[in-house]
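Taking it in order: structure first as structure tokens, then the write-up.
The values are calculated or read from the model by the stated rules, or taken from the named source; none is laboratory data. This structure is a prediction, so every number in the text was calculated from the model and none was measured. Cβ atoms come from the backbone with ideal geometry, glycine included; neighbour counts cover every protein chain shown. Each accessible area value is taken on the protein alone, full model and side chains, heavy atoms only, with ligands, DNA and RNA left out. Shrake-Rupley method; radii C 1.70, N 1.55, O 1.52, S 1.80 Å.
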Amino acid sequence: MAASIASVGGHLQYGVNFCMGQSYKQAIWVPSVTFNGCLQRELSWSCGVSKFLQIRKCNLFQSRTNENWKSFGTFITSAYLRDGSTKYFDFAVIGSGVAGLRYALEVAKHGSVAIITKAEPHESNTNYAQGGVSAVLCPSDSVESHMQDTIVAGAYLCDEETVKVVCTEGPDRIRELIAMGASFDHGDDGNLHLAREGGHSHHRIVHAADMTGREIERALLEAVVNDPNISVFKHHFAIDLLTSQDGSDMVCHGIDALNTETQEVVRFISKVTLLASGGAGHIYPSTTNPLVATGDGMAMAHRAQAVISNMEFVQFHPTALADEGLPIEPKKTRENSFLITEAVRGDGGILYNLSMERFMPLYDERAELAPRDVVARSIDDQLKKHNEKYVLLDISHKPREKILSHFPNIANECLQHGLDITQQPIPVVPAAHYMCGGVRAGLQGETNVHGLYVAGEVACTGLHGANRLASNSLLEALVFARRAVQPSINHMKSSSLDLSASSLWTRPLVPKSLGSDVMHKILRITKEVRKELQSIMWKYVGIVRSTSRLQEAEQKIGKLEAKWETYLFEHGWQQTMVALEACEMRNLFCCAKLVVSSALARHESRGLHYMTDFPHLEESKRLPTVIFPSSHTTGTWSSRQLHQQPIVKSMV
């Protein structure tokens, strides 16, 4: 994927024939192979997607009722229809974090819903979110103040309309959670206890001690389990979106998934698909994300020709627990880093180097309350200057009772390894945490692929800009999951389903024919390749970057991917074969390349993207990075869908 700058309106356009000579801004454009039949309609960040998606319906989703479908009415009356390993639903939701669950509960009032989740339903980034949800709930706070904090943290790359929508609707989304049974901490006055975190000018973080995500996930899962219109398919790994091309339009019809317990490929045909599959933290060796966060949704959407944006902005949380600094090191390497929430600094935690010198005031007047990008870069600089492996975060000067009541989970985790946070500082180090970029979405979660919506970390709504403000992630997920509901319902009601559609796509194959010895070798090599990719990303595409190192990363990743794919196919692997580890590797390669391509396109330092050879922020480059759809007729395995694209004609 080559990088270039395209002259294009403040409304971003698809295709290469951009409007020139008008009073338009530019967009940083990363073309990946030109999209066949380039579209000339304009697409603004927040509202243009809606206009753009006024497209003709493909004959798989006819505007008039299909005779085969009439008997089922608005709902698919049973939990789902089944034809062998094909299931039919009104709505397919990929992911069981806050975005997927909240959306499912609403659309289930209007149709049947499949929640397809990679592991156990609770195993999501939501479950690991400690700090809380930001919302304007205090009389002294204001929506304008929350907006300003978000835009400043985002290095002025945020979409202002999106920011306004999220900050305005946030309080109602919190109240809905409380009404559903989510329990948050209250102060002595009986009101919600509102914490403050880095980058926030007010106390506005609603929390449940330091386990907020877990509590939200609990409340939502409980409601989902009790909803008869929702079927949860756990241990189902999403392989690829099922899409067809209708002229220049791309249409989504569902998803192929691998049941990782039975090794059966299951096809889900749906009228509407919501992608809520989370982030891609595991493109790096150290991440706070659970093992399931391998960028599956972003990679699938890219292969399905969805527009991708701002992938260079990878947020490294400044304070993950540094195991090598604990009195008793864990016996085995963690699958994901243990997060030390932003709220510790918000509550007065101070950062020191190992010489017990406080360093944050040297970098930013906001000190420990500076946004995450600033704090992470400052820690990184300290580590390099002193050749140390971690710094110290000290909260022990605060009352013991307050520490234990606010951070019981952190206190317990550290105590298990011989450290009492009420008496000793916590060893911390930055770790990959959150993808600010993703599948480009409009104000209702819509994408340029008809019938495909996105919400949560997999989406790029424009809210976060170049750096996410603390505790805005769960907020964004709640707001956009809710906003995607009505257009999804409208689309579902105006669509009917061709029950023979399943045969249009080649079915993925489980590689049983290769034998156990060959599969063992493939899995061993894949594990080694995964570690090597992560090492390349951390070494060359980490907190501090340069053009030469990014180019080196691009070359190394290309060679590594080619070597891996050659090994697979020389050992009998086929284009349509699927296995969990191989498909995850495929997605990790895809996401890593998207990050590197986007980073190479931005010739400035802004927010989370810091370049030593372009160290300054430039107003002329205050633009989103956009990776346009490609035909993917050639390229690597990671960049192509497993099936061939059916081409269908529109109904007149």
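Table for the structure above
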{"read-out": "Segment 178-324, dipole about Cα centre (Lys/Arg Cβ +1, Asp/Glu Cβ -1), debye to the nearest 20", "value": "300 debye"}
{"read-out": "Backbone N under 11 Å from the Asp613 label point (7 Å along Cα→Cβ), restricted to segment 531-557", "value": "546-552"}
{"read-out": "Ser620/Glu581 FRET efficiency (R0 45 Å; Cβ-Cβ; nearest 0.05)", "value": "0.55"}
{"read-out": "Simple spin-label estimate for Glu222 and Asn409 in nanometres, 7 Å along Cα-Cβ", "value": "1.7 nm"}
{"read-out": "Förster radius 25 Å - calculated FRET efficiency between Glu264 and Tyr567, Cβ distance, rounded to 0.05", "value": "0.45"}
{"read-out": "Gain on full stretching of the segment that runs from Thr547 to Glu532 - 0.36 nm per residue minus C-alpha separation", "value": "3.3 nm"}
{"read-out": "For segment 150-191, radius of gyration divided by Kirkwood radius, i.e. Rg to Rh on alpha-carbons", "value": "1.15"}
{"read-out": "Area of Val225 that stays accessible when all protein chains are in place (1.4 Å probe, Å², to 10)", "value": "110 Å²"}
{"read-out": "Among 443-451, 473-481, the order from most to least packed when residues are scored by Cβ within 10 Å on average", "value": "473-481, 443-451"}
{"read-out": "Prolate/oblate/rounded label for segment 493-647 (Cα gyration tensor, a/c 1.5)", "value": "oblate"}
{"read-out": "Sequence of Thr625, Thr547, Thr333, Thr262 from largest to smallest accessible area, 1.4 Å probe", "value": "Thr333, Thr262, Thr547, Thr625"}
{"read-out": "Where Tyr567, Tyr103 fall by accessible area, highest first, once all protein chains stay in place (1.4 Å)", "value": "Tyr567, Tyr103"}
{"read-out": "Added length on full extension, which subtracts the Cα-Cα distance from 0.36 nm per residue, Glu388 to Lys493", "value": "31.9 nm"}
{"read-out": "Shape of segment 318-432, Cα gyration tensor, a/c cut at 1.5", "value": "oblate"}
{"read-out": "Chain lengthening between Val152 and Gln416 when straightened (0.36 nm per residue, less Cα-Cα)", "value": "91.2 nm"}
